[in-house]
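Below is one structure, written out as C-alpha cells, with a few remarks after it.
Every number here is computed from the coordinates shown, using simple stated rules; none is lab data. Predicted model only: the values in this text are computed from it and were never measured. In this analysis, Cβ positions are derived from the backbone assuming ideal geometry, glycine residues included, and neighbour counts consider all displayed protein chains.
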Amino acid sequence: MPEIDLGTTPLRELNAALHRLSPDTNESHWIVDHPEGRHAIAAGLAVPITVEINGPVGYYCAGMNKLATVLIHGSAGVGVAENMMSGFVHVTGDASQSAGATGRGGLLRIDGNASSRCGISMKGIDIVVKGSVGHMSAFMAQAGNLVVFGDAGEALGDSIYEARLFVRGKVKGLGADCIEKEMRDEHKQALHNVLERAGFDGQIDPDEFKRYGSARKLYNFKVDNAGAY
Amino acid sequence: MDWTPRTTPRPSAVFDEFSLSEIRRAAATGIYDIRGGGAKRKVPHFDDLLFLGASVSRYPLEGYREKCATDVWLGTRFAEKPIHIKIPITIAGMSFGSLSAQAKEALGRGASQVGTSTTTGDGGMTEEERHHSTLLVYQLLPSRYGMNPDDLRRADAIEIVVGQGAKPGGGGMLLGQKISDRVAEMRTLPKDIDQRSACRHPDWTGPDDLEIKIEELREITDWQKPIYVKVGASRPFYDTALAVKAGADVIVLDGMQGGTAATQEVFIEHVGLPILGAIRPAVQALQDLGMHRKVQLIVSGGIRNGADVAKALALGADAVSIGTAALVALGDNDPAFEEEYRKLGTTAGCYDDWHEGRDPAGITTQDPELAARLDPALAGRRLANYLSVLTLEAQTIARACGKSHLRNLEPEDLVALTVEAAAMAKVPLAGTDWIPGT
Ligand SMILES: Cc1cc2nc3c(=O)[nH]c(=O)nc-3n(C[C@H](O)[C@H](O)[C@H](O)COP(=O)(O)O)c2cc1C
C-alpha cells in the first residue's frame, strides 16, 4: 500500500503517480499524509483505486474524479469533487463552497456541513450532506440528487432544472423557480437508493424529507417572468 | 394663391429609423431583443489606422522573394507541450449548439489545412471537431456543459472563458428552437427549453481562486497543455495583469465588435471596449510584468482582412482570432440565399437572428435539413482559402514595412487617421508627431 507524505513529496509527484496507474493496477489503495490544505490533491483520477487522505485538503480535491474512491479524513476546501464523473468521494469533516459543483456522476458524501453553492450546476452527481448546506445551493442544478439531513440556506435551487433536492430540516428560502414538490413513491425509492449507496442503509427514513425541484416556469422566456430573469 | 411653403420631412438623428423600430418591437413584445453577431454601430477600429510602409530611412523586403515568416508558438510559459501555429490567425470558440456539427467540422478542416487551431465552445467537444482539427482548444466555461477530463486531456490547449467581448459580464443563452436531442444530451438538459449559461464560474471567484483553478487544470493534465484565459475587453490592463499573475500561458482578449451566438442587443452595443482601445493596455501590462511574448496575447473582435491582422500584431498582439469572418467564409449571409433571407424579414449581410436556428446557410442551426446544406469539405476549403488570403495580405504589409516576420511589426509602423484612434492605439495622428495623452 503506497503511502505518500505530502510534507516531503511534492504534490505533482503524487498526482503524476496516480495518473500513471492502469485500471488493473495492484497498487489500488493509497494513503496520503500531511495534506495540509494543499490544492488539487488527487485531482483527475481515472482508475478504480482508493486514495485515503489523512487531514484537511484545499481547493478542488478529487476534481473531475472518475471511478476512484477518495476518502478525506478531515475538511475540504472549495470545489471538492468538482465536475466528478463517477466514483465516490467522502469528506468526514466540513466542505467549503461549491462542493460537487457541476458534477456529472458518482457520489459525494459530506459528514459535516457544506458551505454555500453546494451542488451548484450539478449535472447528474448525487450529493449527501449529513449537516446543513449554505445559500445558493443547487443553483442552476441540472440533474442528480442533493440530499441534506440538516437545513438549507437561502435561495435553495435557484433557477433549478431537473435535479432533485431532498432536505430533512428547514429551508431558509427557495430560489427562483424552485418549489416544494410531492414526495411520491418513486422519489422515496430514489432517495432510498442514494442513501443506501452513501452508506446510510436503513438508518435514515426517507419519509422525513421534503422534496424540492423545478416549477419549470422559467424554462422558456416569457414576458410575464421578466422580473425573474 | 394660398400656398404655404412646407419644410422637407426630416427624420430625427436621435430617433432614427432603427431606434423607432426597436421601440415598436419592445412595445409589442415586452422582451428585449436578442440576436447574434457583434456590435453593428461604428466604433473606432483598425480602419482608423494606416501603415507608413518603407521610405528612405526604412527599406522594404522584396515581395514574393524575401521571407516573411508567420508562425507563432502559444503556451511557452508553463506548458510542456506548447502549440505551434503556422499563421497568427486562430478560429475562436463557437459552441456546438450555436453552430451545426457540419459547421464545426468545416471550421476544423479549414483551420487544419493552413496549420492553425480551432476552439470548442459553450457546449462541449464534438467528435467531428476533434477528428477534423489538428489543433483544438477546449473551452472551460461557467456552464461547464459537457466538461469532462477525457476531453480535457485530448485537447491541445485549454481556454478558461471569463468573458466575451460581445457581453463582458454576461452569460449565454441557447433558445429552445436550437436544442436538438444531441445538444440536449451533451448539456444534460431537457429538450426545447431555453438554456441559460451562467455568467460566473461555479467554483471560483476572483484572481486568487483563478490561480488555484489553473493549478488544478494543470495537475489534471499533468502540466502538458497550454492554458489560455479569455476575457472580454473591459479593463484590459488589470485583467491581463491578473491573468498573468494567476498563471495563464496565453491571454485571449475579445473586443466589443466580437460576435456572439445570442445576446441581448443592448448588451452587444453598449458594454465593453472596441478592440482598438484594448490592445495597448493589455500589452502594457505584459511589458510591465516582463511577460510580453512570454505570455502570448491573442486579440479578436471585428477582424476582417490581412490589414486588421497586421495592425493587431503591430500593436503588440501575438495572434488574432476570428469568429464572424470565419462563418462568412463558410457561407453565412451569402447573397445566394437572398430569397430565403427575405422570407425571414432580412437581407443577406444583415441576417443576425442566429439564435432562432433557421439559418438558410445551414451554419447557425440544428435543423438537420438546413445543416445538411453545408458541405463541411467545401466550406472548410473556403475557410482555408480565406485564412491564406489574410496571411498573404498581412505579409504584404509586413514586407513593405521591412519585416521578415509578422511579429516584428510594431507601433512605429502605424499612424492614426482620427484623434480617437491615435489616443486609443497610442500612435501619432497621421502627419503629426502627436499622440494624445502623451
Ligand atoms: C456563433 C458564435 C458563437 C460563439 N460562441 C462562443 C462560445 O461558446 N464561447 C466563447 O468564448 N465565445 C464564443 N463566441 C465568441 C467568439 O469566440 C469570438 O470571441 C468572437 O467571435 C470574435 O469576434 P469576431 O466575431 O468579430 O471575429 C461566439 C461567437 C459566435 C459568432
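Across the cross-link table entries B:Lys191/B:Lys213; A:Lys66/A:Lys181; A:Lys123/A:Lys210; B:Lys81/B:Lys403; A:Lys66/A:Lys123, which are compared at the Cα atoms, the separations over 24 Å belong to B:Lys191/B:Lys213; A:Lys66/A:Lys181; B:Lys81/B:Lys403. For the protein assembly as shown, the 222 nm mean residue ellipticity estimated from helices alone, with every DSSP H stretch of n ≥ 4 adding -39500 (n - 2.57) and the total spread over all residues, rounds to -7500 deg cm²/dmol. Modelling each spin label as a point 7 Å along the Cα-to-Cβ direction, I'd like the B:Ile435/B:Thr396 distance in nm, to one decimal. For B:Ile435 paired with B:Thr396, the spin-label model returns 2.8 nm.
For the residues of A:106-115, the average number of beta carbons from a partner chain within 10 Å of their own beta carbon is 0. Once R0 is set to 30 Å, what does the formula 1/(1 + (r/R0)^6) return for the Cβ-Cβ distance between B:Arg304 and B:His131, expressed as a FRET efficiency to the nearest 0.05? Result of the calculation: an efficiency of 0.55.
Think of each Lys and Arg Cβ as +1 and each Asp and Glu Cβ as -1; about the Cα centre, that makes the dipole of region A:3-228 roughly 740 debye. Counting other Cβ atoms within 10 Å as a rough exposure proxy, the listed residues A:Ser116, B:Ser100, B:Ser95 run A:Ser116, B:Ser95, B:Ser100 from fewest neighbours to most.
Rounded to the nearest 20 debye, the dipole magnitude of region B:34-425 is 660 debye, with +1 charges on Lys and Arg beta carbons, -1 on Asp and Glu beta carbons, and the Cα centre as origin.
Compared with the direct C-alpha span, the chain from B:Arg182 to B:Arg6 gains 57.2 nm at full extension, assuming 0.36 nm per residue. Near the amide H of B:Leu49, within less than 5 Å, lie the amide hydrogens of B:Leu417, all on another chain or at least 5 residues away, with H placed in the peptide plane. Going from the residue with the fewest nearby Cβ atoms within 10 Å to the one with the most, B:Tyr32, B:Tyr228, B:Tyr386 rank B:Tyr32, B:Tyr386, B:Tyr228. Protection proxy ranking, highest mean first, for peptides B:191-198, B:239-246: B:239-246, B:191-198, where packing is the per-residue count of other beta-carbon atoms within 10 Å, averaged. With the simple model of a label 7 Å out from the Cα in the direction of the Cβ, B:Arg381 to B:Glu369 spans 2.7 nm. If you run the Gaussian network model on chain B, springs between alpha carbon atoms under 10 Å, then out of B:Ala166, B:Ala13, B:Ala371 the most flexible one is B:Ala13. The mean of 1/r over all distinct Cα pairs in the protein assembly as shown, once inverted, gives the Kirkwood hydrodynamic radius of 26.4 Å. A simple charge model with +1 on the Cβ of Lys and Arg, -1 on the Cβ of Asp and Glu and nothing else charged puts the dipole of region A:122-169 at about 160 debye relative to its Cα centre. Ranked by the mean number of other Cβ atoms within 10 Å per residue, highest first, peptides B:316-324, A:7-15 order as B:316-324, A:7-15. Computed over region B:151-303, the range of Cα coordinates on each principal axis works out to 50, 39, 26 Å, biggest value leading.
Taking label points 7 Å from Cα along the Cα-to-Cβ direction, B:Lys245 and B:Lys343 give a separation of 5.6 nm.
As a proxy for reagent exposure, ranking B:His270, A:His39 by other Cβ atoms within 10 Å from fewest up yields B:His270, A:His39.
The GNM of chain B, with springs linking C-alpha atoms under 10 angstrom apart, assigns the highest mean-square fluctuation among B:Glu410, B:Glu265, B:Glu185 to B:Glu185. Shielding of peptide B:209-216 by partners, expressed as the average count of other chain Cβ atoms within 10 Å per residue Cβ, is 6. Please name which of B:Gly165, B:Pro44, B:Gln195 has its Cα lying farthest along the dipole of chain B towards the positive end, using unit charges on Cβ (Lys, Arg +1; Asp, Glu -1) and the Cα centre as origin. In chain B, that residue is B:Pro44.
Among A:Leu218, A:Leu108, A:Leu18, the residue with the largest mean-square fluctuation in a Gaussian network model of chain A, with springs joining Cα atoms closer than 10 Å, is A:Leu218.
Between helix A:11-20 and chain A there is an angle of about 90 degrees, using the helix long axis and the longest principal axis of the Cα atoms.
Using Cα pairs under 8 angstrom and six or more residues apart, how large is the relative contact order of chain B, in percent? Relative contact order for chain B comes out at 23 percent.
Per-residue mean of foreign Cβ neighbours for A:117-124 is 4 (Cβ atoms of other chains, 10 Å radius).
Close amide H pairs (under 5 Å, H built 1.01 Å from N) link A:Arg109 with A:Val89, A:His90, A:Val91, A:Val128, residues at least 5 positions away or on another chain.
All C-alpha to C-alpha distances of region B:34-425, sorted into 20 Å bins beginning at zero, yield P(r) values of 30, 60, 10, 0 percent in whole numbers. When the Cα positions of A:Ser121, A:Leu71, A:Thr92 are compared along the charge dipole of chain A, A:Ser121 comes out farthest toward the positive end, with charges on each C-beta of Lys, Arg, Asp and Glu.
What FRET efficiency, computed as 1/(1 + (r/R0)^6) with R0 = 56 Å and r the Cβ-Cβ distance, is obtained for B:Thr29 and A:His192, rounded to the nearest 0.05? So, using R0 = 56 Å, E works out to roughly 0.75. Rounded to the nearest 10 degrees, the inclination of helix A:185-197 to the longest alpha-carbon principal axis of chain A is 20 degrees.
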